[in-house]
Amino acid sequence: MKIGIVGIGAVGAATAMAIVLRGRVRQLILVNRNRSRAKGVATDMRYGVPLSRPIAIADGDYSDLAGAAVVIVAAGVNEKAGGATNRNDPAGRLRLLGSNVKVYEEIIPRIVTAAPNAVMLIATDPPDPLVDVARRLAKHERVLGTGTYLDSLRFRVHLGQRLGVNASSVNAYVVGEHGTSSVFLWSTATVGGTGVEQMIANRGLAFDEFRRAVEREVRYANISIIEGIGASQYGIGVVAARIAEVVAADEQAVFPVGSYIARYGVALSLPSVVGCDGVREVLSPEMSNDEARAVERSAETLRSALATYVGAR
């Protein structure tokens, strides 16, 4: 099982570390514009490999991606460098789109030339519209994004903390954009088959206040992390590693990832069946009328961003 990562900044390096620790991959190729950085990261990680399952880690050029089942794309301008760390900015991560479209125009064709059969996993912010950009440049549909998988995990963590249960026992999704228009599916969030809304009521808590607090914690988690360590990297690194191994092993697992969805006319995140060719099937989770309308608004936000930053290109 061979996986490549293009872009060995904070997210790319964290993803590589997560892949090594998870121990499912046998060959990992790191590609970076400054190859000496990729070489340094690969060399550093190799010294820890004797304590993990065997894996061959190497820096490389695009040609070394040949034969990869998955290529994770983590290259581009991040939130801090791109000025996307203002909680009051409605654009959020979408502010990075223009700059990162230019990066993708350079690297996606090179990936396709080297690894024409690989699935591309988009981890660069903003991942949803960059899925659309990448699939147009690649001229194939084997493109998916990390999307709202991490948002959903954050949602579960904060619900678990407030309800006093382990996050792994919480079933809850965030869908739509990985950004300010993301949609929290409160109506179907459960713990052990019990609705989260009912659990909140049983504890005598005010739902609207509880909801606002949790959504703010989740929606701006990235900014809080960046304020502390400069980049949001470890959570998304684990998520990207997990998606990549699901694709490479054809697990057909279900989680929310970004892919092009015809009925919305844009790439966004919904729970999806993921296998060796990327997204096999997009599921339609139950939603309240308000949630369904919010997903439509999220799609419109993404369509407008693409029209603004990509439409004239």
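The values are calculated or read from the model by the stated rules, or taken from the named source; none is laboratory data. From a predicted model like this one, the values you see are computed outputs, not experimental measurements. Cβ sites come from the backbone with ideal geometry, for glycine too, and all protein chains shown count toward neighbours.
In this structure, residue 256 qualifies as closer than 27 Å to residue 1 by Cα, in contact with a Leu (Cβ under 7 Å, 6 or more places away or on another chain) and modelled with pLDDT of 95 or more.
Of a type in the set (Asp, Glu) and surrounded by fewer than 14 Cβ atoms within 10 Å (Cβ to Cβ) - does that describe any residue in segment 49-61? Scanning segment 49-61, I find at least one residue that is of a type in the set (Asp, Glu) and surrounded by fewer than 14 Cβ atoms within 10 Å (Cβ to Cβ), so the answer is yes. Of all the listed residues (262, 267, 299), the sole one being among the hydrophobic types (A, V, I, L, M, F, W, C), farther than 30 Å from residue 161 by Cβ, modelled with pLDDT of 95 or more and loosely packed, with under 15 Cβ neighbours inside 10 Å is 262.
Screening 299, 267 for residues that are closer than 14 Å to residue 121 by Cβ, touching a residue at least 24 places away in the same chain (Cβ under 8 Å) and among the aliphatic types (A, V, I, L, M) leaves exactly one candidate, 267. Which members of segment 22-46 meet the condition of being assigned to a helix (DSSP H, G or I) and over 19 Å from the mean Cα position of the chain (by Cα)? Those that are assigned to a helix (DSSP H, G or I) and over 19 Å from the mean Cα position of the chain (by Cα): 35, 36, 37, 38, 39, 40, 41, 42, 43, 44, 45, 46. Scanning segment 286-301 for residues that are of a type outside the set (A, V, I, L, M, F, W, C) and within 19 Å of the chain's Cα centre (by Cα) yields 298, 301.
Residue by residue through segment 123-143, note down the ones that are crowded, with 21+ Cβ neighbours inside 10 Å, out of contact with any Ser or Thr (no Cβ under 7 Å at 6 or more places or on another chain) and among the aliphatic types (A, V, I, L, M). Passing the criteria: 133, 134, 143. For first residues located in segment 43-71 and under 19 Å from residue 119 (Cα atoms), partners that are surrounded by fewer than 14 Cβ atoms within 10 Å (Cβ to Cβ) and of a type in the set (Val, Ile, Thr) and lie 6+ apart or on another chain with Cβ distances below 9 Å form the pairs 62/113; 63/113. Among strands (runs of 3 or more DSSP E) entirely within segment 47-160, having at least 2 residues that are more than 19 Å from the chain's Cα centre (by Cα) and at pLDDT 95 or above singles out 56-59.
Kindly indicate whether residue 182 is surrounded by 17 or more Cβ atoms within 10 Å (Cβ to Cβ) and of a type in the set (Gly, Ala, Ser).
So residue 182 passes the test.
Across segment 161-175, what is the number of residues that are surrounded by fewer than 17 Cβ atoms within 10 Å (Cβ to Cβ) and assigned to a strand (DSSP E or B)? Summing the residues that are surrounded by fewer than 17 Cβ atoms within 10 Å (Cβ to Cβ) and assigned to a strand (DSSP E or B) in segment 161-175 gives 1.
Say whether the condition of being surrounded by 16 or more Cβ atoms within 10 Å (Cβ to Cβ), of a type in the set (Ser, Thr, Tyr) and out of contact with any Cys (no Cβ under 9 Å at 6 or more places or on another chain) is met by at least one residue in segment 273-295. No, there is no match, as no residue in segment 273-295 is surrounded by 16 or more Cβ atoms within 10 Å (Cβ to Cβ), of a type in the set (Ser, Thr, Tyr) and out of contact with any Cys (no Cβ under 9 Å at 6 or more places or on another chain). When segment 71-98 is filtered for residues that are among the small types (Gly, Ala, Ser), at negative phi and buried (at least 16 other Cβ atoms within 10 Å of the Cβ), the ones remaining, listed by number, are 74, 75, 82, 84, 91.
Does residue 37 satisfy the criteria of being under 29 Å from residue 275 (Cα atoms), surrounded by fewer than 23 Cβ atoms within 10 Å (Cβ to Cβ) and not small (Gly, Ala, Ser)?
Taking the combined requirement at face value, the residue does not satisfy it.
Restricting 177, 251, 227, 197 to those that are at pLDDT below 95 and among the acidic types (Asp, Glu) reduces the list to 227. Can you find even one residue in segment 199-214 that is surrounded by fewer than 17 Cβ atoms within 10 Å (Cβ to Cβ) and polar (S, T, N, Q)? Yes, the conditions are met somewhere in segment 199-214.
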